[in-house]
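For reference, the structure discussed in these notes is given below.
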Amino acid sequence: MSPKTRASARPRTLAVDIGGSHIKAAILDPRGRPASERARVATPDPSTPAAITRAVERLVRQLPDFDRASVGFPGVIVDGRVLSAANLHRAWVGQHVVRRMRAAIGRPTRVANDADIQGRPPLPPDVTVVSNFAGITGGIRLWEDDA
């Protein structure tokens, strides 16, 4: 598929990574490959729900059109609500992050723990994702030497 075809293929997904130091976003094609340049802003300090929401709204305005969104959030989320967010302001605890992000983004939106998103299929059969509770995720790629 050519870059031009990839850029116009549907559905296009806004991928957002909310981190303790930066918030990053890009548009992905239907196969999960970049269809735009990555946009990035510093995570606001303090990283309150209102400040993070405004930062996500600014990122959305910088990117091309998309159909849906996926947001990685650095905390525990159950039934759409934040139970903990160690790297963000404590005001996040109890917030309904899914409703907040859906309203900010204006498209169908899913929100999950950032490390959970990284480890979700489809992954190549030779990739394993290892995550710990400190917000560090690493990937290990195993392969056989054909030599």
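The values are calculated or read from the model by the stated rules, or taken from the named source; none is laboratory data. Here the structure is a predicted model, which means the values were calculated and not measured. Heads up, the Cβs are rebuilt from the backbone with ideal geometry, glycines too, and the neighbour counts pull from every protein chain shown.
Annotations
- Within region 53-87, the set of residues being at pLDDT below 95, hydrophobic (A, V, I, L, M, F, W, C) and part of a loop (DSSP other than H, G, I, E, B) comprises A85, A86.
- Any hit, region 8-19, residues being basic (K, R), loosely packed, with under 14 Cβ neighbours inside 10 Å and on the phi < 0 side of the Ramachandran plot: yes
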